Amino acid sequence: MKLSLTHTLTFSLPGSGRSVQHLLLTAVNSPQQRIERWSITMPGFTEAATFRDGYGNRAHLASQTKRSEPLTATITGTVETTDKAGVLGRLEYDPPPALFRRPSELTKPDPALIDGIGSDGGRIAQLHELMGRVHERLSGPSQSQSEGKQEQSLGSRDPAAFTHAFIGGARTLDIPARYVTGYLYDEGAATFHAWAEAWDEGLGWIGFDAMLDVCPTDQYIRLASGLDATCTMPIRSVPVWDEMPAETVEIVAE
């Protein structure tokens with residue numbers, strides 16, 4: 001499937017001086033997608049440095065030397081996607097899968113989500129059962145009572161909540177799992193989205209979208225991955241000091 005998108009991000013810069021923007025907004029070729037065209041337009045991007053970060057993502061550092069409020073970044077692209085039932089496999093710049101067994105604050109496990117999940121059916125069956133449990137737990141109706149009144153909600157619609165819950169459960173089962181950002185097409189429109197990937201020794205990385213209870217299809221465009229949402233922020237701003245305040249530096253000679 002050929003997917004085209006235009007995504008505009010508008011945000012304010014921190015502080016009052018210069019800053020550097022760390023961007024994880026570049027899609028790269030993989031077994032599930034082939035990039036035909038991809039560009040990012042924002043002040044300072046034409047001189048941006050590019051590198052592979054510790055998670056294998058293609059990152060950019062764009063400096064802002066002049067104050068501009070608000071700052072706008074526009075991403076445009078055309079990608080040919082293939083439905084591989086969520087199987088991503090192994091990517092060229094991937095770190096060792098064991099890195100993604102590491103716990104994080106956002107992926108604390110819920111013991112109830114993995115209670116009773118056995119290994120008799122194999123790892124793939126475990127992961128599908130976990131995805132179904134996370135989907136049911138977080139998207140189902142919930143009830144609360146306060147001041148004598150009972151309230152009912154329809155559950156979460158935040159993809160980050162589903163993804164963190166799935167990752168926490170997978171890691172508790174000793175399965176490497178990572179947080180993934182990208183775009184999801186629905187009825188001709190693309191939205192920024194998040195899902196998980198879990199490791200299988202035979203198939204490599206496999207995607208699981210617990211919010212929708214499906215493995216990623218050809219309607220997904222993959223951008224970046226990391227331990228959790230804090231590692232995959234599309235844009236992170238870092239203030240730049242023209243001079244380091246003396247009171248913040250202490251040098252001790254021995």
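Looking at region 160-181, which of the residues that are surrounded by fewer than 22 Cβ atoms within 10 Å (Cβ to Cβ), touching a Leu at 6+ places or on another chain (Cβ under 9 Å) and of a type outside the set (V, I, T) is farthest from E136 (Cα to Cα)? Checking each candidate, the answer is P176.
One line per residue, one yes/no per condition, for (1) at pLDDT below 95; (2) part of a helix (DSSP H, G or I); (3) over 27 Å from Y93 (Cβ atoms):
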| residue | (1), (2), (3) |
| --- | --- |
| I167 | no, yes, no |
| W195 | no, no, no |
| A198 | no, no, no |
| L223 | no, no, no |
| V238 | yes, no, no |
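Here region 202-221 is the region considered, the condition is being among the small types (G, A, S) and not in a strand (DSSP E or B), and the residue that is farthest from G188 (Cα to Cα) is G202.
Quick check: is even one residue across region 97-114 of a type outside the set (S, T, Y) and over 22 Å from L227 (Cβ atoms)? Checked region 97-114: at least one residue is of a type outside the set (S, T, Y) and over 22 Å from L227 (Cβ atoms).
Scanning region 23-58 for residues that are over 17 Å from T6 (Cα atoms), in a loop (DSSP other than H, G, I, E, B) and in contact (Cβ under 8 Å) with a residue 60 or more places away in the chain gives Q32, Y55, G56, N57.
To keep it simple, each residue is scored yes or no on (1) within 21 Å of the chain's Cα centre (by Cα); (2) part of a loop (DSSP other than H, G, I, E, B).
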{"residue": "E69", "(1), (2)": "no, yes"}
{"residue": "T76", "(1), (2)": "yes, no"}
{"residue": "V79", "(1), (2)": "yes, no"}
{"residue": "A85", "(1), (2)": "yes, yes"}
{"residue": "Y93", "(1), (2)": "yes, yes"}
{"residue": "F100", "(1), (2)": "yes, no"}
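Looking at L61, L106, L71, L88, just one residue is surrounded by 15 or more Cβ atoms within 10 Å (Cβ to Cβ), aliphatic (A, V, I, L, M) and under 25 Å from K2 (Cα atoms), and that residue is L88.
The values are calculated or read from the model by the stated rules, or taken from the named source; none is laboratory data. This is a predicted model, so every value here is computed, not measured. Because the Cβ atoms are built from the backbone with ideal geometry, glycine has one as well, and the counts that use them run over all protein chains shown.
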